[in-house]
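Colleague: Provided herewith is a single structure, encoded as structure tokens, for subsequent inquiry.
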Amino acid sequence: MTKALAILTLVAAVIFTGPVFAQKTESPLLKLPGIKQQQEPAPAPNTLQDPLEDEVAPKSNEAVAPAKPAKPAFELAKDLDGLFEQLARTADERRAKLISQRVWELWQTSDDRSIDLLTHWARNALSKKNYVAALDLLDQVVVLKPGYAEGWNQRATLHFQMRNYGRSIADIERTLALEPRHFGALAGLASIQQILERKDQALKTWYRALAVYPAMKSAQDAVIRLEEELAGSAI
């Protein structure tokens, strides 16, 4: 494998699965008597400080200007539809990343604690390159909850890292059938198409990802690079 291909594989694997969020690892079937359960902290409010606003406190010997009305904190939408509307309208990369992280959080929650636990174990196994264990766990996830798009995406990621590109594409198609806006799956598909030298297809897939997530830097860079390569090959 060339150095460029190795880098593409590593980057694609990260884009495929999104950031890793803390998951509850306590089994839903296990409660030990006599042990107090640690109280979970209250969830943070669904607002974030606007990343575009950098505030600097004035020095003591500087004149203090009259206070300006505070800008409202950037508030994330509460559901996926709202988040995708925000993502489509956001040109700033940092703000878009905040939105995409929240999307990943929602994608990685199945509303079934057993499924979430299996997926969490699978991600841990995958991070340790224990592919056999990860595949066994993700096979259970897609059988037990076939309507859970992220289960298919996680297994697509596993097949990608094992270089089983045909099986990865098949799982990506199942992911996109359930969630057509899954920019992680689209990025994974485009990366596979690049690896297989299907540059025309890869360019179209990257454009599909940008239609959902216009500020995705990896997609922007890939489009520029592929357009240059395809234009050069046409000369």
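The values are calculated or read from the model by the stated rules, or taken from the named source; none is laboratory data. All values derive from a computational prediction rather than experimental measurement. Here the Cβ positions follow ideal geometry from the backbone for every residue, glycine too, while neighbour counts run over all protein chains shown.
Colleague: Inside the stretch 160-228, counting only helices (runs of 4 or more DSSP H) that do not spill past its ends, which hold 3 or more residues that are surrounded by fewer than 23 Cβ atoms within 10 Å (Cβ to Cβ) and under 15 Å from the mean Cα position of the chain (by Cα)?
Modeller: Helices (runs of 4 or more DSSP H) meeting the threshold: none at all.
Colleague: Which of the following residues is more than 19 Å from N164 (Cβ to Cβ), among the hydroxyl-bearing types (S, T, Y) and touching a residue at least 40 places away in the same chain (Cβ under 8 Å): S191, S218?
Modeller: Unique residue meeting the criteria: S218.
Colleague: Show the residue pairs meeting these rules: Cβ distance below 7 Å; 6+ apart or different chains; first residue within the stretch 77-99 and more than 11 Å from P214 (Cα to Cα); second residue among the hydroxyl-bearing types (S, T, Y) and surrounded by 13 or more Cβ atoms within 10 Å (Cβ to Cβ).
Modeller: Hits for this filter: I99/T90.
Colleague: Only one of these is more than 22 Å from I115 (Cβ to Cβ), hydrophobic (A, V, I, L, M, F, W, C) and in contact with an Asp or Glu (Cβ under 7 Å, 6 or more places away or on another chain): A190, A202, A219, A215. Name it.
Modeller: A215
Colleague: I would also like to ask the following. Taking the stretch 135-159, which residues are among the aliphatic types (A, V, I, L, M) and not in a helix (DSSP H, G or I)?
Modeller: none
Colleague: For the stretch 89-134, name all the residues that are of a type in the set (D, E, K, R) and part of a helix (DSSP H, G or I).
Modeller: If the condition is that a residue be of a type in the set (D, E, K, R) and part of a helix (DSSP H, G or I), then R89, E93, R94, R95, K97, R102, E105, R113, D116, R123 are the ones that fit.
Colleague: Suppose the filter is buried (at least 20 other Cβ atoms within 10 Å of the Cβ) and out of contact with any Lys or Arg (no Cβ under 9 Å at 6 or more places or on another chain); does G151 pass it?
Modeller: No, not satisfied.
Colleague: State the number of residues belonging to the stretch 91-109 that are at pLDDT 95 or above and of a type in the set (S, T, Y).
Modeller: Here the count works out to 1.
Colleague: Taking the stretch 110-154, which residues are among the β-branched types (V, I, T) and either at pLDDT below 95 or over 25 Å from R181 (Cβ atoms) (or both)?
Modeller: V132
Colleague: Would you call I172 touching a Leu at 6+ places or on another chain (Cβ under 9 Å) and more than 23 Å from Q108 (Cβ to Cβ)?
Modeller: no
Colleague: Of the conditions (1) at pLDDT below 95; (2) touching a Gly at 6+ places or on another chain (Cβ under 8 Å), S233 clears all except one; give me its number.
Modeller: (2)
Colleague: Then there is this: Just to be sure before I move on: is V141 crowded, with 21+ Cβ neighbours inside 10 Å and either among the β-branched types (V, I, T) or more than 17 Å from the chain's Cα centre (by Cα) (or both) in the structure I sent?
Modeller: Yes: the conditions hold for V141.
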